[in-house]
Amino acid sequence: MAESVPTMENSDEEDLYNVPDSYLKSYCEEENTPPTPQSDYVPPPGKVTVLNAGQETVSLGFSLPDNSVRYTLQLDYSCNTQRDRLITEDSSTVKVEGLTPGTEYTFSIVRIADNGNQSKATSLSVFTEPSPPVQLTVYQVSSEFLSLRWDTPAGEVESYIVTCCSEGDIVQELTTDTNLTLSNLNPGVCYSLQVSAQLRNGRISKPTVTSVHTKTHLEGLLEDLGLEQHYTEKLSLSTILQIDEKNITDEPAKCNSDIPWYFLKKLMMVNVTARNVKCTSTSAAVFVFFDKWDSKCELLTNQHHKAQIFLVGNHQSKHFNLNALKKVATKLGLTNSNIILKAKHMNDADFVKTLRKTVSNVVENSKMKMRIEQMADIAHELGIWVDEDTSECQAAKKNADVITADIKNILKYKEGQLPLQGQIWKELTCLEKEEFRLRKVGSEDIEKYKSDLQVQKTELRKKQNSYDMSNAMTCFINAISSPGIERSYFLKWMRMNLDNVSREKLSGLREQYKEKCKNSENKEEIKDIDKQLSNSSLGTEHFFREMGQIYEASLSLPETDQSRQQLQHLPKLCAELLLDGFPLELVDGDASNIPLRWVSDVLSQLNDLVSPKNKILVVTVLGVQSTGKSTLLNTMFGVQFAVSSGRCTRGAFMLLIRINEHLKKELNCDFMVIIDTEGLKSPELAQLDNSHEHDNELATLVVGLSDITIINIAMENSIEMKDILQIVVHAFLRMKEVGKRPKCQFVHQNVSDVSAHEKNLRDRKLLLQQLNEMTQAAAKMEKKEENKSFTDVMEYSPDTGNWYIPGLWNGNPPMAPVNEGYSEAVYELKKNIIKILGSCDSSVNDILEFTEWMKSLWNAVKHENFIFSFRNSLVADAYMRLCTEFNKWEWEFRKEMYTWVTKSETRISNYGTVAVKSEVSDMRELLTRLKSEACTVLSKWETKLLGNLTQYFKQTEGHVYLVEQYREDFANSAKSLRREMERSVLNQLTAAADIRQGMTELDRIKENHTKELEGRVSGLIEQCREKKVQMTDKELDKEFDKMWKQMVNELSFPEQKAANVITSVSHHLRENLSRKGSHVCQLLSQKNLKNCGLQPFTYTAEGFCKKVKNKLSKFFNIEDQVMALQKTADHISMDCTQFVTEKLGKKNNYHETYIQEILHIIDERLQNNQETDIEFEVSLKQHICGFAAREFQKMHEDFIHVNDPYRCLNQNKEKFRADFKDVFHQRDQCQKKAEEFTNRCLEPAVEAFVNRSLGPDIIGEMLTGQQFSTRMFFQYSVLLDLLSKDDFKNYQSYICSYEEYVKKWTLDQIVKHFSNQSTTFKFEDQHLQSSVRSINNAINKAKTRKSGNLKTFVKNVCQELGDKLVISQDALGAFMILNNADQEQFAHWLTECVKDMTNTLGKKFKHTNIQMKLKKLHVNPQDELFTKLIGCGNQCPFCEAPCEAGGRFHTEHWTSLHRPEGLGRFRWRETKKLVTDVCSSSVISDNRFRCNATNGEWHPYKRYTDFFPDWRIAPDASLQASDYWKYVLTKFNKQFAEAYNAKPADIPLMWRYITPKQAEASIKESFNIK
């Protein structure tokens, strides 16, 4: 309440707080004064009361004596800091606002009449209500004290009253004038805190209240250690497992917050369950061992414990203090029986016996017995959180109990509640492997057999889908769908419950298994126990396995099926668990299979959860069973893979460990994946259940997935390990052959003296010797016998690749202590592994790439021949990137050489003309210089190409190490490209030089004729002018004709004789075949080359044997030698004909290099066909050379005719006549001559330059598109186009005339791409503008020389253009004579004419279609693209699919997509039906084939390399990979049969369901198109 003190003026203040109202009333009465006249007297306000006093307002009440007259009230109020006035009408109440809280105000009130008279003042003092403290904050809290602070409220505050209460009782009450700290509090108690402000007059504000919990001692400790957030928020498993610098450093802790992490590191290293360690609060007895005693002993004396305390010490110790011991014993109330001392007369054995007796008495007689659940109460007292108190934990326990409560018989439970992973899943596994291995196909049609297998798989999936989801799985999925912490609790409860259920049964079986395995004669018993172990095992992995099968089965349902849609979230659930640190079953050890789609989708979801931080490194352990592999990983990384004797881990499990941000930079990854595998069995045990195959599969898979593989060797099993090493080495060899080379560390366990590194040298040498033996054995099996030693397979050093680790136990478990040296040695191994991973120079996989590796490895593992079966999209990606890059480098090389050759040919063409300032004496010297320069440029580019290749393989990104095996192929291709370009360039230079040299004499004759003509015309002009008669044009014509006739008759025109091209061709043909033996000469002499090539080439078998073979071949339905060679001849003839056509189109003279080039083309093509004989070769070459010789003869004769001097002179007769008239009449020729020079000299030269330059531009533009980037993409594009057109004729043409079809398709793509004229005009305009700039620059330079002579001016212009343009010498010579133009005017008009030429040519280019442009090009884009993308030209020997290997000189041919053999004309011998078998399936079957290569003998498909060693026919990447051609054969079965004169194939059932969409998807998969 506020207080008021009414006073008279000038009276002292008095405190009336809590005085009776009667006193207040009497005190406030006015003085008795005589009444004044009404007109002057103003009555005072009367009794003033305080109606309300708030923090900022005061309400006053008035008792007005006279209500008949209205007065004005004037209130003056003030305090130390404020003075103000309020004027209002008479009223019984007045409210004053805007006051300061907690402040004493003095009010003076008077009444004022209208005439200004005032009453006497009534005074009053009032305290406003004080404000409570604001912003009350508890800013420090510990277990025993807390600190408070608050902001000072407004007003005259003298002090603060702080009250601390607990459960309604006041604990402390303090008065302070500032913030304070409350101490001596109890830990873990909730306190209520009140703070009130007290004014100077003793008034107290309302309190500000807050509450706070003091911390428990545990919270305080956690805060000191920097772990306070983990008091309520549990450390997650993924956080504990995270790898950071503290895990792999030996630096001491630098601060308190470092201590727990170093402790955790050591705790994880120990990797043993603490044995019966409980605090004193829950123990029956505590034995305290001491050496030096502190008499205070606060740790014991301050504890409120119920346990018996036993003090155990050594009386003989020099630090022993009997008095201190007595004091403590007295404090603790201990008797003599509670003190056990080792006296002088007592030996160690007696002392231990006394201890044992005491412990036994405690155990037998103790009344302090407590269930684990009861310990929760004590934990509460100690401030320790109990998981079971949380609702999440209770809900999780309830869910787990619901699932496990009904388990009585594990085998029956699994059959009833987890039915999908039982026999059905195992049958599916067998069917999947049979699809790949085809062991039981027999004589049946392979594709029909595979189709039947797919039908069986479909039926099994239907059977799986027929099961309703069991109650257990419904509960399980619901439980793991709960929020994070509850899910973790649930899995923990599940694990404990399931362990309890199976422990009793499994522990006995494991002991039996371990004992029986010591004697390999107990084979059947071991097999039976192993089966019981599998049947009696039940863990969370079985529930996740069932979840995976439920998901995979649902994928066989339609996409719109509700059941399928409801299960789409399952992979994400599992991915979240993986991210939380729970393991994922990678390989189902019971079925020996990976549910690929399930695991892939889980990893895909995991990638989505962590992207872009998705880089991983993989560590795997391999070794014999029961050698401590899981224990090793658990100790190394703190994980919890199952451990115990016998076969524990089944299959393989992967676990994700996060990498700390700081360590990510060093390791270049975000996560580490740890893979634990089941133990590899010894050969004796493997024979029991054929698990040697499973072991091989498992080892290959995990080694292939790993960045580093730990090979765990137990020293006592070294003999057995020798056999296991073969499996491991086999896996490493397979990885080397497919391009991956993981690191390897051999860990030798149970070594007695790990420090004796030198002593173990002999063991290391012995191991390396064994590894070398195993490498040779594995290499022989894999037919890779070039690998002679283990170091050929991988980088391995015996000194750095071996680690020696002591045994885990010091003695025999379970009572043996743990060997500390084990953990320390494992820790050192871990540091080394992290170091190795950090130094890896290869690129790190991301999660999706890891998934691709897993799928590719597992699919290849399913085949018997892993190396030839392995196909991986990452390898394909890396290979395609390498091909793309190499193609770019190759094109840069080719383009550079095209440009160089063009310039060089220009120099040769201009040699000896006014356009060249020659520095060489003759053409031979120029040619020699150019050839030398060409070799220099070629060498530079070869070096650059090889350098690019070297640099490419040095990079760490892009998985280049996966294609290391192809490096040599591409290097050879680079070298062969140089050789090919060198041959081509030198031939072009030689041909150009020889042709130009041949033109020299003709040019001299023409030049002489032109000079003679100029002289005679000049003389005629003088004669006509001397007549001094104005002559008409008709008279001038008559005089000119007379002069021309006379001149022609007098000039000599030597006859140009045509060379005999056929003789030249025949010479080169004989020279080409000279090394083939004497029989060749006989064959050549049998035919005259003139008579060859007149009819289309046909090759017929001669002789009885060949005829029989021909018939036999047809009987076998194999394309016999004659048919095959005819096809080869047709293709070669087509190529050579095109070459001849191109040369004819250039209208040049013949050169012998042309026929040499043709013979080179034939030789190159025949080299790829091993079935040719000498008769065929001679016959074909005669045919092609005969045809070419006639064409070249005609071309040569046409060239002579065109360049005949007489013809050339007569051709310009009318031009000369016009010039004669112009000179005679002295007309201005500047504009006309400029137009003539432009139109006859410059424009043709510019147009020819554009045409020479445009070809490489078109090629470069086409190469920017994906379809021409690599052979694989090219094949994909062609097949996709075929599918879109879906026309039988196209398919037939593609299959039967592949090269012809592809060439036409390439041309169509060029025409389609450049159908818009603006696309080519862009390049044409660039070259046009470049030429125009050169011409203008030449004109300007010629101007500056000021020769004064027009001929000299034109020569200067031509010389400037000599390196770029080839100007016709005939046109230039005709231009130079009879020319009286002024140089300056000519130059002006020439510039204008060049502008007109630019516009004219621009319009011409714009309106010329691409087909016409292609005919004029110097470089044919169609041929160049075809040559670039056709590659080596080899085709599969069975289905004729084209080779796709990069580079032209690769050592191995392969293709991504094989076809049903029926498309290659294969048919069954008896039924004549087309064959549906695909060679990629046949090569893994037991089927046989026979063909010309086998001389008609049957031969196993699996050994096809005996006859086709250069071909690698890998099985399809998937069962759907060849769907494209299956779809084609199914759709056009009848048409193909009719075209091949066969009967339609028996189409397998599953082929009929393939849709065009699936066909397209299959080629995308086969060619790895993303």
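General observations
- In this structure, the amide hydrogen of S125, modeled 1.01 Å from its nitrogen in the peptide plane, lies closer than 5 angstrom to those of V5, T7, F107, counting only residues at least 5 positions away or on a different chain.
- Residues of region 209-249 with an amide N closer than 20 Å to a point placed 7 Å from the Cα of T137 along the Cα-to-Cβ direction: 209-215.
- Overall dimensions of region 1169-1320 by Cα: Rg and Dmax, Å: 25.8, 78
- The length gained on full extension between D348 and K462, counted as 0.36 nm times the residue separation minus their Cα-Cα distance, comes to 33.8 nm.
- D1396 accessible area, 1.4 Å probe, all protein chains in place, Å² to nearest 10: 90 Å²
- Principal axes of region 1134-1205: Cα extent on each, largest first, Å: 52, 17, 17
- Distance in nm between pseudo-label sites at F1507 and R967 (7 Å out along the Cβ direction from Cα): 3.7 nm
- Rounded to the nearest 20 debye, the dipole magnitude of region 49-136 is 140 debye, with +1 charges on Lys and Arg beta carbons, -1 on Asp and Glu beta carbons, and the Cα centre as origin.
- In this simple spin-label model, placing a label point 7 Å from the Cα along the Cα-to-Cβ direction at both I485 and E1050 gives a separation of 12.2 nm.
- Gap separating the Cα centres of region 360-435 and region 65-128, nearest whole Å: 82 Å
- Assigned charges on the beta-carbon of Lys, Arg, Asp, Glu; region 1490-1546 dipole about Cα centre (debye): 100 debye
- In order along region 1230-1241, the phi-based Karplus estimate (6.51 cos²θ - 1.76 cosθ + 1.60, θ = phi - 60°) of 3J(HN,Hα) comes to 4, 5, 4, 5, 5, 5, 4, 4, 5, 6, 9, 10 Hz; Gly and Pro are listed as x.
- Here r is the Cβ-Cβ distance between Y1553 and Q1266 and R0 is 30 Å; the resulting FRET efficiency, rounded to 0.05, is 0.45.
- Per-residue 3J(HN,Hα) values for region 307-314, derived from phi via the Karplus relation 6.51 cos²θ - 1.76 cosθ + 1.60 with θ = phi - 60°, read 6, 6, 9, 10, 9, 10, x, 10 Hz in sequence order (x marks Gly and Pro).
- Farthest towards the positive end of the charge dipole of region 375-462, among the residues N399, M375, Y413, is the Cα of Y413, using unit charges on the Cβ of Lys, Arg, Asp and Glu.
- log₁₀ of I(q)/I(0) at q = 0.09, 0.18 Å⁻¹ - region 1422-1568, Debye sum with one point per alpha carbon: -0.30, -1.16
- Reduced Cα scattering model of region 305-442, Debye log10 I(q)/I(0), q = 0.10, 0.11 Å⁻¹: -0.71, -0.75
- Here the Karplus curve 6.51 cos²θ - 1.76 cosθ + 1.60, taken at θ = phi - 60°, turns the phi angles of region 417-431 into couplings of 9, 10, x, 6, 9, x, 4, 4, 5, 5, 5, 4, 4, 4, 5 Hz, with x standing for Gly and Pro.
- FRET efficiency estimate (nearest 0.05) - Cβ-Cβ, T884 to K1304, R0 35 angstrom: 0.90
- Dimensions in Å of region 1392-1500 - Rg and Dmax from alpha carbons: 24.5, 82
- Taking amide hydrogens as placed 1.01 Å from N in the peptide plane, the amide H of G623 sits under 5 Å from those of L680, N712, each at least 5 positions away in sequence or on another chain.
- Here the gap between E97 and E1392, fully extended at 0.36 nm per residue and compared with their Cα-Cα distance, gives a gain of 456.5 nm.
- Whether region 1262-1357 is rounded, prolate or oblate, judged on the alpha carbon gyration tensor where a/c under 1.5 counts as rounded: prolate
- Label-point separation in nm, L1094 to D1281, each point 7 Å along Cα→Cβ: 4.0 nm
- Whole-percent carbon and sulfur share, accessible surface of region 102-168, 1.4 Å: 42 percent
- Of W1525, H1418, P1515, farthest towards positive along the dipole that unit charges on Lys, Arg, Asp, Glu beta carbons give region 1389-1532: H1418
- Amide hydrogen neighbours beyond the local backbone of H1458, cut-off 5 Å, H modeled: none
- Percent carbon-and-sulfur accessible area, region 181-243, ignoring ligands, DNA and RNA, probe 1.4 Å: 49 percent
- With R₀ fixed at 22 Å, the C-beta to C-beta distance from A324 to V286 puts the FRET efficiency at about 0.70.
- Value of relative contact order over region 570-645, rounded to a whole percent, pairs C-alpha under 8 Å and six or more apart: 23 percent
- Segment K1289-K1564, length gained on full extension (0.36 nm per residue, minus Cα span): 96.7 nm
The values are calculated or read from the model by the stated rules, or taken from the named source; none is laboratory data. What you see is a predicted model; the values in this text were computed from it and never measured. Heads up, the Cβs are rebuilt from the backbone with ideal geometry, glycines too, and the neighbour counts pull from every protein chain shown. The accessibility values were calculated without ligands, DNA or RNA, using every heavy atom of the protein model including side chains. Shrake-Rupley method; radii C 1.70, N 1.55, O 1.52, S 1.80 Å.
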